[in-house]
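Structure first, commentary second.
What follows draws every value from the coordinates through simple rules; no lab data is involved. For clarity, every value in this text was computed on a predicted model and none was experimentally measured. Ideal geometry is used to build each Cβ from the backbone, glycine not excepted, and the neighbour counts take in all protein chains shown.
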């Protein structure tokens with residue numbers, strides 16, 4: 001039976017460390033770290049996420065500002081708000097909560113956020129730095145996966161890592177991080193032909209495709225580390241992209257869903273906000 | 001016996017097409033495409049490269065300006081020159097010929113070049129765009145490899161591609177291009193443990209490590225496409241990273257050294273200069 005990777009405990013440890021680091025930074029520099037969160041419209045899940053982010057900010061000592069705009073906000077109004085935050089010296093990090101209402105052009109709004117206030121790691125410049133192994137903020141989910149492996153003292157050097165999924169938010173930045181951490185990395189996706197065979201070569205298998213219980217026992221090598229990034233709602237229950245019940249009998253370590261990668265994302269957002277805020 | 005991929009012929013075809021496209025662009029817009037090349041110091045190889053670039057510019061119809069500064073140029077003088085080119089409206093592309101003399105900080109100088117005048121594809125922003133699959137200029141060597149495969153009608157979709165080498169100039173951008181072209185991609189490097197075994201899974205094997213004849217027959221699957229990015233000088237002769245004589249008997253297609261990937265880089269530089277120049 002695999003070790004169950006406890007994302008809740010790790011994320012709490014990270015937030016506790018951050019709390020100390022931020023307090024020390026504020027005392028020694030007299031400067032503030034702050035996060036402006038922009039929420040547009042009535043998406044219920046988005047409202048919950050935004051509240052969770054504000055709570056996390058409060059916990060670690062980041063000043064948070066939440067801007068709630070109505071569903072009927074125009075493109076111009078949204079851009080004006082984000083631009084004003086870009087120019088506001090007291091704001092050190094900006095996050096726009098996606099998705100926006102459909103009539104708004106998300107990309108145009110995201111592009112307004114400069115790399116030094118981009119706490120999501122979504123800007124072209126920050127993604128470019130990431131691929132090259134330069135210090136930068138990193139998309140929260142893959143950053144969280146790396147922190148989980150670090151907290152469980154897993155050394156990636158020379159390991160065969162297989163990433164299933166090639167999204168710009170998870171699969172691709174994950175791949176960059178793993179290459180820079182000295183793993184041999186294979187990226188699989190919808191066009192991959194011999195997926196099960198490749199997955200079985202993985203010492204570390206990272207799955208981020210959004211298909212419930214897609215990875216089954218026969219796709220996993222004995223003793224592999226399995227990281228499940230998927231969060232799918234099936235019959236009102238959250239399940240990952242990995243068939244936990246069977247795969248956990250073969251793996252040496254595995255993340256559960258919920259309670260694995262999920263809780264890490266807000267902790268990493270806090271860490272990114274600290275990194276962005278101190279790189280001024 | 002493998003088909004020998006003819007980089008010279010393909011690069012000429014690309015330059016001839018560019019010549020037409022640039023002439024048409026100039027006529028229809030009344031605008032110019034130009035490239036400023038900065039050479040500092042006495043490196044003999046650099047002088048040859050800079051001359052070759054000027055000749056290629058002339059061939060395709062790009063106005064070229066070459067700035068030659070002496071070996072004893074100071075950091076401030078170098079930065080002043082590059083900054084003046086950044087602000088010069090008649091210059092649409094800027095290339096600094098590396099390596100610079102050792103007393104200069106290359107990275108600080110490279111960072112002055114904005115993404116829209118970066119014809120090498122080295123800027124953080126352009127590398128970030130590349131990883132996400134957005135339209136951008138791409139580091140010339142991996143861009144050249146993609147064009148070679150395209151000219152030989154090789155469809156990467158669902159193919160297993162193995163990249164040996166993870167440099168910021170070749171291995172990493174190559175990986176990004178292959179993922180975006182729907183290949184299943186594995187990146188190997190100095191820490192990879194079972195390299196020969198992984199290399200043998202490759203439908204397409206791309207080698208960029210700078211070690212003469214490193215890839216031998218036993219590391220290549222029958223019928224694989226082998227792309228040799230290495231250019232090593234051994235006993236006064238140029239040899240690649242692949243043992244051409246034996247591997248060419250197993251491969252279905254292979255690039256020779258010289259005459260394979262090498263001639264493509266200047267053609268792709270011309271193409272990048274055109275892309276950067278028309279995206280104003």
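D by Stokes-Einstein for region B:124-195, Kirkwood Rh over Cα pairs, 37 °C, 0.692 mPa s: 261 µm²/s. For residue A:74, the label point sits 7 Å beyond Cα toward Cβ; its separations from the matching points on the remaining copies run 5.3 nm, from shortest to longest.
Averaging the sequence gap over all C-alpha pairs within less than 8 Å and six or more residues apart, then dividing by the number of residues, gives region A:30-115 a relative contact order of 41 percent. Structural descriptor for region A:140-262: relative contact order 22 percent, calculated from alpha carbon pairs under 8 angstrom and at least 6 residues apart. What is the gain in length, in nm to one decimal, between residue A:42 and residue A:65 on full extension, counting 0.36 nm per residue of separation less the C-alpha to C-alpha distance? Between residue A:42 and residue A:65, full extension yields 6.5 nm more.
What separates the residue A:51 label point from its copies, with the point 7 Å along Cα to Cβ, is 7.3 nm, written shortest first.
Axis of helix B:7-29 versus longest Cα principal axis of chain B: the two differ by about 30°, to the nearest ten degrees. Any chance you could list P(r) for region B:183-280, counting all Cα-Cα pairs in 5 angstrom bins from zero, rounded to whole %? Whole-percent P(r) values from 0 Å outward: 3, 13, 20, 21, 16, 12, 8, 5, 3, 0. Applying 1/(1 + (r/R0)^6) with R0 = 41 Å to the Cβ-Cβ distance of residue A:279 and residue A:233, what FRET efficiency is obtained, to the nearest 0.05? Efficiency for this residue pair is about 0.65. For the peptide A:146-159, the mean number of other protein chain Cβ atoms found within 10 angstrom of a residue's Cβ is 1.
Between the helical axis of A:171-180 and the longest alpha-carbon principal axis of chain A there is an angle of about 80 degrees. Spin-label model, residue A:77/residue A:155: points 7 Å from Cα along the beta carbon direction are separated by 5.7 nm. Mean projected area of the convex hull spanned by the Cα atoms of region A:1-88, taken over all viewing directions: 8.2 nm². Note on chain B: Rg/Rh from C-alpha atoms, Kirkwood Rh, equals 0.98. The order of the peptides A:104-113, A:221-230 by mean Cβ neighbours within 10 Å, most packed first, is A:221-230, A:104-113. Counting from the shortest, the label point at residue A:89, 7 Å from Cα toward Cβ, is 3.3 nm from the same position in each remaining copy. What translational diffusion coefficient, in µm²/s and rounded to a whole number, does the Stokes-Einstein relation yield for region B:54-163 at 25 °C and a viscosity of 0.890 mPa s, taking the hydrodynamic radius as the Kirkwood radius over Cα pairs? Answer, rounded: 151 µm²/s. Evaluated at q = 0.10 Å⁻¹, a Debye calculation over the C-alpha positions of the protein assembly as shown (equal weights, vacuum) places log10 I(q)/I(0) at -0.93. Helix B:140-151 and the long axis of chain B differ in direction by around 60°, with both axes built from C-alpha atoms.
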